[in-house]
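S.K.: Structure incoming, see below.
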Amino acid sequence: MASDYDVIIIGAGAAGLMCAATAGYRGRKVLVIDHANKAGKKILMSGGGRCNFTNLNSTPANFLSDNPHYCISALKRYTPQDFLELVERHGVEHEEKAAGQLFCRDSAKDILNVLLTECEWADAEIRLKTSVTGVTGTDTGYRVTTSAGTLTCQSLVVACGGLSIPTMGATGFGYELAKQFGLTVLPTRAGLVPFTLHPELKEQLAPLSGVSCPVDVTCNKQHFREPMLVTHRGLSGPSMLQISSFWQPGDTLSIDLLPSQRIHEDLQTLRRDKPQATVAQYLGQYLPKRFAQAYNDLHGWTGPLQGYKNSDLERVAETLGQWQIKPAGTEGYRTVVFRT
Ligand SMILES: Cc1cc2nc3c(=O)[nH]c(=O)nc-3n(C[C@H](O)[C@H](O)[C@H](O)COP(=O)(O)OP(=O)(O)OC[C@H]3O[C@@H](n4cnc5c(N)ncnc54)[C@H](O)[C@@H]3O)c2cc1C
């Protein structure tokens, strides 16, 4: 019996739409199904609404995976330049923010429009507001049960995305299907997420809320030298988001608040040259004043440096250079963010 479609794709996100256009151009009859009321919702919120659509310096080393070989072959077959060429062919204006990070100049809508136009040109059909509730294998392919009836296809593509931002339609359906068809599913965890803190530390850091400073954070042999932001919930900012992908529950973060300074030597020199100076004044030279004062108060560093012995200065230097923080957890899938 002939199938309704050559290919059914579950999910009209970036992956599903790209796949639909590619399969359509190969002459296959394609249907994309999504339960959302709009295609590509996550694309629209990406990159703060301007979609960081590629990074020219992407290499397999930038991907966290239990199977690093997959990234090697995927990036060989389709490079950042290939996507850039597609985007430019559609006349999307873009700009480079940090080295290699390409963003739309106007809006992430431009990227979604590229994908939707490609699907249209390739004759791929997109059906929204339709949930896929089950899949069974048949002799010739698959039977796909949806909220609007049953369909058959020769090839099925599962592009239901990951678990981040459930309010955007994310489900664990893809993982369930993988298990159903006997594939090994590894435990998932949220990456690129802010940290939450235990109540006592959260209260101690409350006066620092809203302050950002450049730090070097280390955990599990990885480190990132980027800004940290103290929030009313915990710790965020690029350095914390990046390290969260390497953090495991129970791990401690080591934060160097003055990564460009030789703190112990600086403090000794300052004590010699200006014995009346305080630790807060020293910190104020490099950190936002509010942060410097609040951090100083948090650790009870009072009085001029002339009252500090070498061992005291060593302790201060150690606290500043290796501030040990044990997060309570992360904000989880609800708020996952992204950087290329
Ligand atoms: C805040 C934020 C900012 C980001 N910024 C960037 C960025 O700047 N650059 C970048 O490259 N990436 C960014 N990302 C990541 C990027 O958005 C995602 O990696 C990408 O959109 C994932 O695409 P996808 O097609 O795999 O999944 P999704 O976009 O999640 O698509 C999956 C689709 O499947 C549908 N679906 C799920 N289950 C079913 C079902 N049972 N039946 C029918 N439909 C179903 C969902 O409704 C959804 O539309 C960002 C992510 C977030 C959350």
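S.K.: For the range 195-330, calculate the relative contact order in percent as a whole number, restricting contacts to Cα pairs under 8 Å that are 6 or more residues apart. Don't skip to the end; give the middle numbers.
M.R.: Values: 226 pairs, mean separation 42.4, N = 136.
Answer for the range 195-330 is 31 percent.
S.K.: Mind checking which of Lys326, Lys202, Lys221 has the largest fluctuation in a GNM of the chain, springs on alpha carbons under 10 Å?
M.R.: Lys221
S.K.: Same structure again: For Gly329, which sequence-distant residues (separation of 5 or more, or a different chain) have an amide H within less than 5 Å of its own amide H, given hydrogens modelled in the peptide plane?
M.R.: Amide H neighbours of Gly329: Thr196.
S.K.: Note the angle between two axes, namely the Cα long axis of helix 263-273 and the longest principal axis of the Cα atoms of the chain, as a number of degrees from 0 to 90, rounded to the nearest 10.
M.R.: The helix 263-273 is inclined about 30 degrees to the chain.
S.K.: Tell me the angle of helix 14-25 to the major Cα principal axis of the chain, expressed in degrees between 0 and 90 and rounded to the nearest ten.
M.R.: Relative to the chain, helix 14-25 is tipped by roughly 30 degrees.
S.K.: Could I ask something else about it? Counting other Cβ atoms within 10 Å, keep those with at most 13, restrict to DSSP loop, and tell me which trypsin sites (Lys or Arg not before Pro) in the range 250-293 are left.
M.R.: Arg262
S.K.: Please compute the modelled spin-label separation between Arg89 and Leu64, points set 7 Å along Cα→Cβ, answer in nm with one decimal.
M.R.: The modelled label-to-label distance comes out at 3.4 nm.
S.K.: Still on this structure, I have one more. Please state, to two decimals, what the Cα-based radius of gyration of the range 195-330 comes to when divided by 2.2 N^0.38 Å (N = residues). Can you show the working numbers first?
M.R.: On the way: Rg = 14.9 Å, N = 136, 2.2 N^0.38 = 14.2 Å.
Against the compact-globule rule of thumb, the ratio is 1.05.
S.K.: With both bridge residues required to lie in the chain, what share of the DSSP beta bridges run antiparallel, to the nearest 5%? Display every interim value, and only then the final one.
M.R.: Working: 36 of 48 bridges.
Close to 75 percent.
S.K.: While we're looking at this one, here's another question. Under 27 Å between alpha carbons, and skipping anything fewer than 8 positions from Lys221 in its own chain: which lysines qualify?
M.R.: Reachable lysines: Lys202, Lys326.
S.K.: At a 1.4 Å probe radius, which order do His299, His232, His223 fall into by accessible area, largest first? Don't jump to the answer; show the numbers that get you there.
M.R.: Details: His299 60, His232 140, His223 105 Å².
Most to least solvent-accessible, the answer reads His232, His223, His299.
S.K.: Restricting things to Cα coordinates, could you compute the convex hull volume per residue of the range 103-194 in Å³? The partial results should precede the final answer.
M.R.: Values: hull volume 13.8 nm³, N = 92.
Residue-normalised Cα hull volume stands at 150 Å³.
S.K.: Further question: Percent of alpha carbon pairs in the chain separated by more than 35 Å? Show your work: numbers first, answer last.
M.R.: On the way: 21949 of 57630 pairs.
Percent of Cα pairs beyond 35 Å in the chain: 38.
S.K.: Further question on the same structure: Tell me the net charge near Val215. Cut-off is 11 Å between Cβ atoms, Val215 excluded, with +1 for each Lys or Arg and -1 for each Asp or Glu.
M.R.: Working: positive: Arg225; negative: Asp216, Glu226, Asp256.
Value of the local net charge: -2.
S.K.: Turning to a different aspect of this structure: Give the lysines reachable from Lys109 as a straight Cα distance under 30 Å; neighbours fewer than 8 places away on the same chain don't count.
M.R.: Lys29, Lys38, Lys41, Lys42, Lys76, Lys97, Lys129
S.K.: List the chymotrypsin sites (Phe, Trp or Tyr not before Pro) within the range 1-101 that fall in a DSSP loop (any state other than H, G, I, E or B) and whose Cβ has at most 14 other Cβ atoms within 10 Å.
M.R.: On the way: sites: Tyr5, Tyr25, Phe53, Phe63, Tyr70, Tyr78, Phe83; in loops: Phe63, Tyr78.
Filter output for the range 1-101: Phe63, Tyr78.
S.K.: How much net charge surrounds Asn310 when only other residues with a Cβ under 14 Å from its Cβ are counted (Lys, Arg +1; Asp, Glu -1)? List each step's numbers first, then the result.
M.R.: On the way: positive: Arg271, Arg272, Lys309, Arg315; negative: Glu265, Asp266, Asp312, Glu314, Glu318.
Overall, the nearby charge balance is -1.
The values are calculated or read from the model by the stated rules, or taken from the named source; none is laboratory data. Please read all numbers here as calculations on a predicted model, not as lab measurements. FYI the Cβ positions are ideal-geometry reconstructions off the backbone, even for glycines, and counts take in every protein chain you see. The area values use the complete protein model at the heavy-atom level, side chains included, leaving out ligands, DNA and RNA. Shrake-Rupley method; radii C 1.70, N 1.55, O 1.52, S 1.80 Å.
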